[in-house]
1. Taking the mean number of other Cβ atoms within 10 Å as a proxy for protection, how do you rank 124-137, 17-30, 81-94 from highest to lowest?
2. Students often get this wrong: which residues of segment 246-263 have the backbone nitrogen under 12 Å from the point 7 angstrom along Cα-to-C-beta of Val238?
3. Which of Gln96, Ile47, His24 sits farthest toward the positive end of the charge dipole of segment 1-144, with +1 on the Cβ of Lys and Arg and -1 on the Cβ of Asp and Glu?
4. Within the chain, what is the number of lysine pairs with alpha carbons under 28 Å apart, leaving out pairs fewer than eight places apart on the same chain?
5. State the answer as a single residue: which of Ala222, Phe301, Trp280 lies farthest towards the positive end of the charge dipole of the chain, with beta carbon charges of +1 for Lys and Arg and -1 for Asp and Glu, about the Cα centre.
6. When the dipole is taken about the Cα centre of segment 38-159, and only Lys, Arg (+1) and Asp, Glu (-1) are charged at their Cβ, what size is it in debye, to the nearest 20?
7. Got the relative contact order for segment 92-160 handy, in percent, Cα pairs under 8 Å and 6 or more residues apart?
8. Just want to confirm a number: the relative contact order over segment 1-136, from Cα pairs under 8 angstrom separated by 6+ residues, in percent.
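The values are calculated or read from the model by the stated rules, or taken from the named source; none is laboratory data. No experiment lies behind these values; they were computed from the predicted model shown. No Cβ is skipped: glycine too gets one built from the backbone with ideal geometry, and neighbour counts run over all protein chains shown. SASA here: full protein model, heavy atoms, side chains in, ligands and nucleic acids out. Shrake-Rupley method; radii C 1.70, N 1.55, O 1.52, S 1.80 Å.
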Amino acid sequence: MLVHAISTNAVYEFAEDVRVGLTHPGQKELPSKYFYDDVGSALFEVISRLPEYGLTRADERLLRRHSDEIVDRLAGPVAVAELGSGSGKKTRWLLQALAQRQRTFYYPVEISRSALAMCERELSDIDSISILGFEREYLDGLLEVAAYRKRGQRLFVLFLGSTIGNFDRAAAVGFLAQVRRILEPGDSLLLGTDLEKPSAQLLRAYDDELGVTAAFNLNLLARINRELGANFDLGQFVDVPKINHEARRVEMHLQSRRRQTVTIPAAEVDVEIVEEETIWTESSHKYLPEEIFRTALDAGFRCEAQWIDQQWPFAENLLIAE
Ligand code: AVI
């Protein structure tokens, strides 16, 4: 697979986001997109196989069962762009279904180079598929993919795994609207959304017995140590998942065991953290099936079809750009 590698000053942006998130007044925060360095991507792969975390398996089950039907609903020759391909495992079903009807260009867009490499290893055996990876942020990557569009070709964008759940609800509409602006009428977006489920089940999914999710969360501090030269003492933080009923989401926090000062040289900052204070690292919003129709409309799409997994409530939504 050819890869268009990232050329921006990524370390500078990381340092700036860390500085802003840890120094603004009130709740300290770190953006969850920074979970996915090589270690974080590998830990997420393990999470997706944990018995408690049914989300990825539900996504995969739906794609395995319904790929032919999904592909049958797409008009014309399509090129496929995937925002956050991860290992690419669940995409196989869609690409195989498409490969039966046309030669297919597949453009994974990923901020993790190791995930792009995994994705190529996973999918390169499918006949009639050409893969060109973009090591980019989602919208930057999609813009570049759109520039490769050939005459008469439609874009089929995949945003699977309920990554949309990691945006606040209003930001999710804003993000989808930005995707829509890059697309043309008739292009499509397959959106995976985790659905509401009982709190106990959700808590188990984000607080697994083996502690893999805790390691995934703590790796964010370890990454800041590795890349920004910080001195977070990981033993002084505890992973604390919380359910926010009002906002219908799971929140991941890292709680400080004691009062401490952390120095982050590349961000040119010393951060004071008091005992029991938390750093909020991720939100995972859960949706109602009917809510997705409204979200789609607000972003300039219509929801053409929806498939729901019965074992682990999760929806695959086919949106068409209006
Ligand atoms: C990638 N994303 C949809 C996952 C989620 O469920 O929000 C990330 C994750 N965080 C903790 N476990 C998994």
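1. 81-94, 124-137, 17-30
2. Of the residues in segment 246-263, 254-258 have backbone N under 12 Å from the label point off Val238.
3. After comparing all options, I get Gln96.
4. 17
5. Checking the options against the dipole of the chain, the answer is Phe301.
6. Numbers: 18 positive and 18 negative charges, 100 e Å.
With Lys and Arg at +1 and Asp and Glu at -1, about 480 debye.
7. On the way: 65 pairs, mean separation 23.1, N = 69.
Relative contact order of segment 92-160: 33 percent.
8. Values: 172 pairs, mean separation 39.9, N = 136.
Value for segment 1-136: 29 percent.
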